[in-house]
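Engineer: A single structure is presented below for examination.
The values are calculated or read from the model by the stated rules, or taken from the named source; none is laboratory data. Model, not experiment: these values are computed from the prediction. Cβ placement follows ideal geometry from the backbone for every residue including glycine, while neighbour counts extend to all protein chains displayed. Surface areas here come from the heavy atoms of the whole protein model, side chains and all, with no ligands, DNA or RNA. Shrake-Rupley method; radii C 1.70, N 1.55, O 1.52, S 1.80 Å.
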Amino acid sequence: MRHPLRIARVHGRTKARLESLYREARCPRFRIRVQMVLLSIQGKTIQEIASTVRQSRETVRRWLRRFLEEGVNGLTEHDHPGRPPIITEEIECYLLECIEQQPREYGKDRATWTTALLAEEVKTRYGVQVTDECIRQHLGEIEVVSRRPTWSVKHIAVQQPGYAQKKRQLQGSWRIHPVVPMSTSRMKPR
């Protein structure tokens, strides 16, 4: 049988910090860990803490042990190892460079960039297969937000001299017919 693990003595400042962290925690997992420690300070057993926070006894033991070894900082999650990011700093710089230009300057037949078009450009340039959702999420992380484009015919005006004047003449020829609402008194009775 394992010996009981209990946090008996905690200094006033540490306890006040734990209570403050419990009230202000944004991460629910972190809040539960702080709650485990606070319940242990109150004299609760591991079984009582586990049933209160709805975690296993092993989980409670692990976090109480980490608190005893590392203090309050031991309750935070460590970095999780994982695969390296697909979009490297070099690709990120290239994406930012692309966004500053028009797709036509990169040989694309589009007026504005889309995340799918940027993903295609990354694959062409670096040989890295990424999804348009990956591009969207990464741009969001670096605070580049995509928005709905406003359409213009500037490229036609450049290609065809006098286009803007022709368009202005056409706009004046349209007539707007006012819509007159029907009166309910004119309807035929049944």
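Engineer: Run the simple label-point estimate for Gln42 and Glu97 please: 7 Å along Cα→C-beta, distance reported in nm.
Structural biologist: So the label points at Gln42 and Glu97 sit 5.9 nm apart.
Engineer: For region 81-132, max minus min Cα coordinate along each principal axis, in Å, sorted largest first?
Structural biologist: Principal extents (Cα only, largest first): 40, 17, 15 Å.
Engineer: Hey, another quick one. Testing the spin-label approximation: label points 7 Å from Cα along Cα→Cβ at Thr131 and Glu89. State their distance in nm.
Structural biologist: 2.8
Engineer: Compute the distance in nm between two label points, each set 7 Å from the Cα along the Cα-to-Cβ direction, one at His78 and one at Glu143.
Structural biologist: 3.2
Engineer: Carbon-plus-sulfur fraction of the accessible area of region 1-138, 1.4 Å probe, in percent?
Structural biologist: So the carbon and sulfur contribution to the accessible surface is 47 percent.
Engineer: What is the sum of charges around Glu69, taking Lys and Arg as +1, Asp and Glu as -1, for the other residues whose C-beta is under 13 Å from the C-beta of Glu69?
Structural biologist: Result for the neighbourhood of Glu69: +3.
Engineer: Still on this structure, I have one more. Return the Cα extents of region 3-93 along principal axes one, two and three, sorted largest first, each rounded to a whole Å.
Structural biologist: 54, 28, 21
Engineer: According to the Cα gyration tensor, what semi-axes, each the square root of 5 times an eigenvalue, does the equivalent ellipsoid of region 27-142 have, listed from largest to smallest in whole Å?
Structural biologist: Square roots of five times the eigenvalues give 50, 13, 11 Å.
Engineer: Mind giving me the FRET efficiency for Tyr106 and Arg29? R0 is 45 Å, r the Cβ-Cβ distance, nearest 0.05 is fine.
Structural biologist: 0.55
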